[in-house]
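Notes follow once the structure below has been shown.
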Amino acid sequence: MLIAKKPGRVEDPRFVFPEKQTIGVADGVGWAKTDVDAGDYAGEQMMLTEATLSLFMLKYVNHNGIINHNNSYGQETKRNLHEMVCGSVYLAKDNKLGEDAHFICPEKLTIGVADGVGGWANKGIDAGEYARELMNNAFIAVHNPNNINEQKRKRKAADMIGAVDPRKVLQEAYAKTKEKGSSTACILSLNKESGVLHAVNVGDSGFLLFRNNKVVYQSPTQQRRFNCPYQLGNSISSDRPDCAWEEWIQTVPGDMLVLGTDGLLDNMFPSEIEKVLVQGGGGGDLDLDCGTLASRIANLALYNSFDKYNPSPFSENARKAGFEHKGGKIDDITVIVAQVVAL
């Protein structure tokens, strides 16, 4: 809402733009002796500035799905606060520690997963050690006040100010992880006030966003070729956090997030997860808790991984890359289910 004050004809018009926390004034230089009203020029400048900001705000809202939280009188209305209710399940393929790791930090509305790259086993290295240390360091970094968004690095990050910055968290965790091996990683953080989700991802772990039990977003996979994902590590050939894919997504109360490693994503189509959410009552009043939903999704992914005949995301991607693979892919499976709720 724009508020312009013009009591009669003045040479000092102004505007106030609460949505963008912007105000402005102009002082028309006295041209009275030449019969020129300098207030007209000053007023025109303020109106042009006002219109430009209005257009910018409209484009911002349309592009990002951010709603205007001010009423028609320019007075701020109460905004809903958000939180995430989370549950997780980890199924290791060998009944040991496996190579996946994850963390949940409810008070910071931040969750993350990592998948140690199994190829290191050929060199006698347990990549699970790297993944576990990376996630442990990420959990510690979440509590570091230096890893809070304080200013807009990009326009779409505007509504993340004050929330945990997952890119900073990933950078700090990576810098402090010294184990041998490498790992994929995906970290999500929700802004308590705006409901904007900030995500960073390296490799083929990822997440899906469901609204009314229908998938509305799936994060892209980072890989150099089929079954060769980007991976963080300390070797010369490993990737660094600056290669991470990054996105901001507006959520609404009731949205469901399903975050997982490739053991989930290679073995379940989004439509299969949708069926689990429908059966469990997800997307409205949560009939089943997130932990139960995570368990159902993970166990179905496990079942699919041993199925040698039914198509899977992994078999479809293999075919597209020119390889032949039938059925699922046996792997460690990590699933975190989180529901966005209004306080």
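The values are calculated or read from the model by the stated rules, or taken from the named source; none is laboratory data. Since the model is a prediction, treat every value here as computed from it, not as a measurement. Every residue, glycine among them, receives a Cβ derived from its backbone with ideal geometry; neighbour counts consider all protein chains shown.
General remarks:
- Options Ala173, Ala185: the member that is hydrophobic (A, V, I, L, M, F, W, C), modelled with pLDDT of 95 or more and not in a helix (DSSP H, G or I): Ala185
- Strands (runs of 3 or more DSSP E) fully within the range 208-314 counting 1 or more residues that are β-branched (Val, Ile, Thr) and on the phi < 0 side of the Ramachandran plot: 214-218, 245-250, 256-260
- Check on Val200, more than 21 Å from Ile297 (Cβ to Cβ) and either among the small types (Gly, Ala, Ser) or not in a strand (DSSP E or B) (or both): no
- Exactly one residue out of Val278, Val252, Val196 is of a type outside the set (Asp, Glu), out of contact with any helix residue (DSSP H, G or I) (no Cβ under 9 Å at 6 or more places or on another chain), within 16 Å of Glu83 (Cα to Cα) and assigned by TED's automatic domain parsing to the domain that holds Arg319, and it is Val252.
Let's see how each residue does on (1) modelled with pLDDT of 95 or more; (2) farther than 13 Å from Ser182 by Cα; (3) surrounded by fewer than 21 Cβ atoms within 10 Å (Cβ to Cβ):
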{"site": "Val200", "(1), (2), (3)": "yes, yes, no"}
{"site": "Gly203", "(1), (2), (3)": "yes, no, no"}
{"site": "Phe207", "(1), (2), (3)": "yes, yes, no"}
{"site": "Arg211", "(1), (2), (3)": "yes, yes, yes"}
{"site": "Val215", "(1), (2), (3)": "yes, yes, yes"}
{"site": "Pro220", "(1), (2), (3)": "yes, yes, yes"}
{"site": "Asn227", "(1), (2), (3)": "no, yes, yes"}
{"site": "Gln231", "(1), (2), (3)": "yes, no, no"}
{"site": "Ser235", "(1), (2), (3)": "no, no, yes"}
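- Which listed residue is within 20 Å of Ala175 (Cα to Cα) and of a type in the set (Phe, Trp, Tyr), from Tyr230, Tyr217: Tyr230
- Flag if Phe210 is within 28 Å of Trp120 (Cα to Cα) and either touching an Asp or Glu at 6+ places or on another chain (Cβ under 6 Å) or touching a residue at least 12 places away in the same chain (Cβ under 8 Å) (or both): no
- Qualifying residue in the range 215-223 (condition: closer than 29 Å to Lys93 by Cα and of a type in the set (A, V, I, L, M, F, W, C)): yes
- Checking each residue in the range 224-249 for being more than 25 Å from His82 (Cβ to Cβ) and among the hydrophobic types (A, V, I, L, M, F, W, C) picks out Phe226, Cys228, Leu232, Ile236, Cys243.
- Taken over the range 90-104, residues that are charged (D, E, K, R) and surrounded by fewer than 20 Cβ atoms within 10 Å (Cβ to Cβ) amount to 3.
- Among the numbered conditions (1) buried (at least 24 other Cβ atoms within 10 Å of the Cβ); (2) in contact with a Phe, Trp or Tyr (Cβ under 9 Å, 6 or more places away or on another chain); (3) charged (D, E, K, R), the only one that Glu179 does not meet is (1).
- Once the range 317-343 is narrowed to residues that are of a type in the set (Lys, Arg) and not in a loop (DSSP other than H, G, I, E, B), the residue that is surrounded by the most Cβ atoms within 10 Å (Cβ to Cβ) is Arg319.
- Residues of the range 106-132 satisfying the condition of being farther than 13 Å from Thr184 by Cβ and surrounded by fewer than 20 Cβ atoms within 10 Å (Cβ to Cβ): Pro106, Glu107, Lys108, Ala121, Asn122, Lys123, Gly124, Ile125, Asp126, Glu129
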